[in-house]
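What follows draws every value from the coordinates through simple rules; no lab data is involved. Here the structure is a predicted model, which is why all the values come from computation and not from measurement. No Cβ is skipped: glycine too gets one built from the backbone with ideal geometry, and neighbour counts run over all protein chains shown.
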Amino acid sequence: MDEMRKELLSALGYSDKAIHLLDTELHYGVMENPTVHVKHQAGCGDVLFLSLDLDGELIRDAAFQFVGCSGLQSSASALTEMIIGKRIPEVEGIRMIDVVKWLEGIPENKYECAEAASITLRKAIEHWREMQN
């Protein structure tokens, strides 16, 4: 990412941490043979796909794909980083504000992106539980 884009994102309210996630595209991509793969479409039209590799309740890996904005990308990247290596009961309570705090700042009008990420996680957990029954 060039310096001009980083400066623009910073001026818009993205933290250095959020900009780093956007720059590195952390956990962005296709996961081969995920245990769970879900899709969520936010009210704004953005779409988030979340893939989880689970060993029982342990989240061994997570990846995402998206069609949307920098807010959704940084929120999804943060969410995956927050949950890898944790167990389902540890992460099922993650909400929008947890993602925003973890990012250390995104524009307030992008909080809906953090909400979309947390909703997608809840959908993934619900789908996993359905698969267990």
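Show me the three semi-axes of the equivalent ellipsoid for the chain, from the C-alpha gyration tensor (sqrt of 5 times each eigenvalue), largest first, rounded to whole Å.
The answer is 25, 14, 13 Å, longest axis first.
Where does helix 111-132 land angle-wise versus the long Cα axis of the chain, in degrees 0 to 90, nearest 10?
Approximately 10 degrees, to the nearest ten.
Counting only residues 5 or more places away or on other chains, whose amide H sits under 5 Å from the amide H of residue 105 once H atoms are built in the peptide plane?
Amide H to amide H, under 5 Å and 5 or more residues apart or across chains, residue 105 pairs with 15.
Take each of the peptides 32-40, 18-26, average the number of other beta-carbon atoms within 10 Å over its residues, and list them starting from the highest.
18-26, 32-40
Taking only Cα atoms and a 10 Å spring cutoff, compute GNM fluctuations for the chain and point out the largest among 47, 99, 30.
Between 47, 99, 30, it is 30 that shows the largest mean-square fluctuation.
What's the lysine pair count for segment 3-132 at a Cα cut-off below 23 Å, pairs eight or more apart or interchain?
For segment 3-132, qualifying lysine pairs total 14.
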